[in-house]
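Asker: Structure provided below as structure tokens; questions to follow.
The values are calculated or read from the model by the stated rules, or taken from the named source; none is laboratory data. Please read these numbers as outputs of a predicted model, since none were measured by experiment. Please note: Cβ atoms are built from the backbone with ideal geometry, for glycine as well, and neighbour counts cover all protein chains shown. SASA here: full protein model, heavy atoms, side chains in, ligands and nucleic acids out. Shrake-Rupley method; radii C 1.70, N 1.55, O 1.52, S 1.80 Å.
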Amino acid sequence: MTFRHSGARSYLSSTMTDRFDCYYCRDNLHGKKYVKKDEKHVCTKCFDKLCANTCAECKRPIGADAKELHHKNRYWHEDCFRCAKCYKPLASEPFSARDDGKIMCGKCGSREDGNRCQGCYKVVMPGSQNVEYKNKVWHEECFTCFECKQPIRTQSFLTKGDDIYCSPCHDKKFAKKCFHCKQPISSGGISYQDQPWHSECFVCHTCRKTLAGARFTSHENKVYCVDCFKTDVAKKCHGCKNPITGFGHGTNVVNYEGYSWHEYCFNCKKCCLSLANKRFVINGDHIHCPDCAKKL
């Protein structure tokens with residue numbers, strides 16, 4: 001808290017024309033200066049010796065002829081009432097009284113009692129450019145990225161434990177890296193086979209169409225959209241000659257001696273009996289059940 005004095009004060013003194021004695025030494029005060037203290041009339045000598053307040057700074061009595069300043073039951077000579085840091089006279093200046101008893105001018109008090117920067121530990125002066133975060137304060141130039149040491153200023157930032165990072169350094173150090181382009185994934189992205197990908201990097205190997213949110217399949221560690229897989233990769237059914245995609249009704253496949261069939265196409269050529277998981281006979285390009293094969 002800051003205070004301001006209205007000015008130094010002096011004790012009232014006067015002279016007497018009629019006989020009047022000092023309360024302590026009984027000297028006649030006629031024609032002499034005296035001080036009225038607690039309704040008692042005291043000569044200046046006795047006042048200085050017995051009644052004067054002690055200066056909080058120099059520890060000497062504050063005599064009747066001296067100017068005295070006081071604050072909260074403490075007293076000073078006018079010349080002793082100075083800032084404990086810079087020694088500036090404070091008789092007519094604003095000041096602050098600290099809990100340790102020191103009196104300081106406004107500037108020194110701000111330095112002593114102000115918030116200290118978490119970067120350089122110097123006082124952050126009121127009105128200076130600063131950054132407040134989680135009840136802590138930094139000089140603007142001291143609020144820096146833990147990695148690149150550059151001031152954050154108006155940039156966005158992220159934290160890791162007690163350390164502060166600008167967004168580029170945080171992404172570089174902590175963000176997942178795309179399996180395809182090896183660059184950090186700052187937001188979004190997808191996961192395939194336990195690997196992170198940028199959405200824009202997860203594309204069909206043939207047509208380069210993005211596959212995020214679309215149906216796709218893989219072949220020899222490459223991913224394809226359904227159309228490209230049917231056209232360029234999928235085997236053709238030996239029965240219907242259409243691609244075997246593994247999607248929908250064509251999920252199950254029968255393979256035999258280098259040929260493949262949709263399960264629903266693997267039927268006896270004559271009686272149409274499904275031969276999946278059953279004995280069969282190959283006759284040229286056709287398959288038959290054992291009974292039909294005997295009749296041929």
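Asker: Putting +1 on Lys and Arg Cβ atoms and -1 on Asp and Glu Cβ atoms, find which of 264, 228, 205 reaches farthest to the positive end of the dipole of region 163-296.
Answerer: 264
Asker: Let me ask you something else. What part of the accessible area of the chain, given as a whole %, is carbon or sulfur when the probe is 1.4 angstrom?
Answerer: Ligands and nucleic acids excluded, carbon and sulfur give 46 percent.
Asker: With unit charges on the beta carbons (Lys and Arg positive, Asp and Glu negative) and the dipole taken about the Cα centre of region 93-180, which residue among 137, 126, 103 sits farthest to the positive side?
Answerer: Towards the positive end, the residue furthest out is 137.
Asker: Rounded to the nearest 20 debye, what is the charge dipole size of the chain about its Cα centre when +1 sits on each Lys and Arg Cβ and -1 on each Asp and Glu Cβ?
Answerer: Around 320 debye, computed over the chain.
Asker: Here is a further query. Straight distance only, please: which aspartates and glutamates reach the Cα of residue 149 with their own Cα at less than 19 Å, same-chain residues fewer than 8 apart left out?
Answerer: Excluding near neighbours in sequence, the set is 132, 140, 141, 162, 163, 171.
Asker: Based on the alpha-carbon gyration tensor of region 44-130 and its eigenvalue square roots a ≥ b ≥ c, which shape applies: rounded if a/c is under 1.5, prolate if not and a/b is larger than b/c, or oblate?
Answerer: prolate
Asker: Ranked highest first by the average count of other Cβ atoms within 10 Å around their residues, in what order do 203-210, 131-138 fall?
Answerer: Top of the packing list down: 203-210, 131-138.
Asker: I've got another one for you. Of 33/67; 37/102; 269/294, which pairs sit farther than 20 Å apart, going by alpha carbon to alpha carbon?
Answerer: 37/102
Asker: I'm spelling it out carefully: the read-out is semi-axes √(5λ) of the Cα gyration tensor in Å, the candidates are [x] 107, 17, 11; [y] 26, 25, 21; [z] 33, 21, 17, and one was derived from this structure. Which label?
Answerer: Only one option fits the structure, namely [x].
Asker: Under the rule of -39500 (n - 2.57) per DSSP H run of 4 or more residues, summed and divided by the residues of the chain, what mean residue ellipticity at 222 nm is obtained, to the nearest 500 deg cm²/dmol?
Answerer: -2000 deg cm²/dmol
Asker: Using a Förster distance of 41 Å, how high is the FRET efficiency between residue 177 and residue 273, based on the Cβ-Cβ distance and rounded to 0.05?
Answerer: Calculated value: 0.15.
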